[in-house]
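Colleague: Starting off with a structure, shown below.
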Ligand code: DGJ
C-alpha cells in the first residue's frame with residue numbers, strides 16, 4: 001500500500017467507526033428530543049402557527065389528524081370565515097398543513113355560511129359506511145349563540161373535503177332516559193327568577209328539556225366518543241349550558257337514535273373531553289365563563305350512559321384553578337405506550353383569536369389510579385416510557 005492508499009484506508013475507517021455512529025446518535029437524540037411546549041407558538045411545516053382551535057384528533061393508518069377551528073386575525077376572528085382546518089403528523093410534534101377540511105359556504109342561505117360560528121369540530125371514522133364523520137357546534141349567522149345546533153359533515157377521505165349534511169337540535173320529541181313521567185307535564189311559572197332555589201329545582205326537573213322537546217335540545221360545546229363496541233356518542237352542553245347531554249349516535253354516526261342522558265343538571269359544564277381508563281369513563285369539563293379560563297372538573301362513570309359523578313379539579317399546582325389558563329377540548333390516547341393520554345386544551349385569545357395557544361399535557365395517575373394534570377413547560381413522548 002502506498003501512502004495515499006493508507007490515508008484513504010484510515011479515512012474510510014474513521015467515517016465508518018466514528019462519524020457514522022455519531023451521526024446516528026445525534027439523529028436518534030434529535031428524534032427523542034422533539035418536545036411539546038404548551039402555550040408557545042407551534043409552527044406547522046410552513047412555519048405558520050397551527051390554526052386548529054377547539055380541536056380533536058383522529059388516528060388513521062398510524063397518522064394523527066388534528067381538526068380544529070380556523071381562526072382569523074382580530075376580534076371577530078371567532079366567526080367562521082374559512083372553515084375547519086386539518087393537519088397531519090406522525091409524531092404529534094411536527095404537523096403538516098392539510099388545508100381546510102370543511103369549507104364555509106358562500107351561499108347566504110347555508111347554515112354554514114361565512115360569518116356563522118363553527119366550534120369544536122371532531123371527526124370519527126365509521127367502518128360500516130367507510131366515511132369520516134365530522135360533527136361541530138354551529139351557531140347561525142347573526143343569531144349570537146341562540147341557535148345552539150350541532151352540524152354534521154362527511155367525507156370519503158380523512159383530510160376532506162367534507163360535505164355538509166345538516167345542522168340540528170338533537171333528540172326532538174324524545175325524552176331523556178329515566179325521565180320521570182310526572183315531569184313531562186309539570187308546569188313552571190313564567191316569572192321564575194333565575195338562580196332562585198325554585199329556578200334551580202325547575203332546571204333540575206327538566207324545565208328546559210320540556211321547553212325544547214318539540215324543536216330538539218340545545219347543543220353547544222361538544223365532543224364525540226366511540227366506545228369499544230363501536231357505538232358512538234355525541235356529548236354536548238345543553239339546557240342553556242346548564243346540563244350536559246350524552247346522546248347515542250345512529251349506526252352510520254350521522255344522526256341521533258333518541259337515546260340520551262342528562263349529566264349533572266345545573267352543573268354548568270362545558271368543553272367536554274372523554275377518555276376511558278381501567279374500565280371507567282372519565283370526562284374533563286370546564287365551568288362556563290365564556291373565553292376566560294376557570295377550574296376544570298373531572299367526572300367519572302361506570303358506563304357512558306350511566307351515572308356521572310364529580311370527583312375533583314384534576315389540575316394540581318400553580319394556576320390549577322384556571323386550568324393553566326386554558327379550557328379542555330380533547331383527550332388523546334397515544335398508541336404504543338401503556339396508559340398514555342394527552343390532555344388537549346385551548347388558551348383562548350378572543351382579542352386576536354388566531355393567536356390562541358395549545359396546552360397539551362400528559363394525563364397522570366395518582367396512587368389510587370385517579371387522573372390528574374400538572375403543568376410542564378416542555379415534555380416529550382418519552383414521558384410515557386416511565
Ligand atoms: C366557551 C366555549 O367553550 C367556547 O367553545 C366558546 O363557545 C366560548 N365559550 C364562547 O364564549
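Colleague: Go through region 266-300 and report how many residues are surrounded by fewer than 19 Cβ atoms within 10 Å (Cβ to Cβ) and more than 16 Å from the ligand (Cβ to nearest atom).
Modeller: The qualifying residues number 7.
Colleague: Any residue that is at pLDDT 95 or above, within 29 Å of the chain's Cα centre (by Cα) and on the phi > 0 side of the Ramachandran plot - is there at least one of those in region 158-165?
Modeller: yes
Colleague: Filter region 99-141 for residues that are assigned to a loop (DSSP other than H, G, I, E, B), more than 16 Å from the ligand (Cβ to nearest atom) and without any contact (Cβ under 8 Å) to a residue 40 or more places away in the chain; which is surrounded by the fewest Cβ atoms within 10 Å (Cβ to Cβ)?
Modeller: That would be 109.
Colleague: Another question, if that's okay. In region 342-359, is there at least one residue being part of a helix (DSSP H, G or I), at pLDDT 95 or above and buried (at least 21 other Cβ atoms within 10 Å of the Cβ)?
Modeller: Among the residues of region 342-359, at least one is part of a helix (DSSP H, G or I), at pLDDT 95 or above and buried (at least 21 other Cβ atoms within 10 Å of the Cβ), which makes the answer yes.
Residue by residue, here is whether (1) in contact with a helix residue (DSSP H, G or I) (Cβ under 7 Å, 6 or more places away or on another chain); (2) within 16 Å of the ligand (Cβ to nearest atom); (3) on the phi < 0 side of the Ramachandran plot holds:
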position	(1), (2), (3)
316	no, no, yes
319	no, no, no
342	no, no, yes
345	no, yes, yes
351	yes, yes, yes
359	no, yes, yes
362	yes, no, yes
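Colleague: Return the only residue of 233, 188 being modelled with pLDDT of 95 or more and over 16 Å from residue 261 (Cα atoms).
Modeller: None of the other options fit; the residue is 188.
Colleague: Would you be able to say whether some residue in region 225-236 is assigned to a loop (DSSP other than H, G, I, E, B), touching a strand residue (DSSP E or B) at 6+ places or on another chain (Cβ under 7 Å) and more than 27 Å from residue 165 (Cα to Cα)?
Modeller: no
The values are calculated or read from the model by the stated rules, or taken from the named source; none is laboratory data. Keep in mind that what you see is a predicted model, and the values were worked out from it rather than measured. Note that each Cβ is placed from the backbone with ideal geometry, even for glycine, and that neighbours are counted across all protein chains shown.
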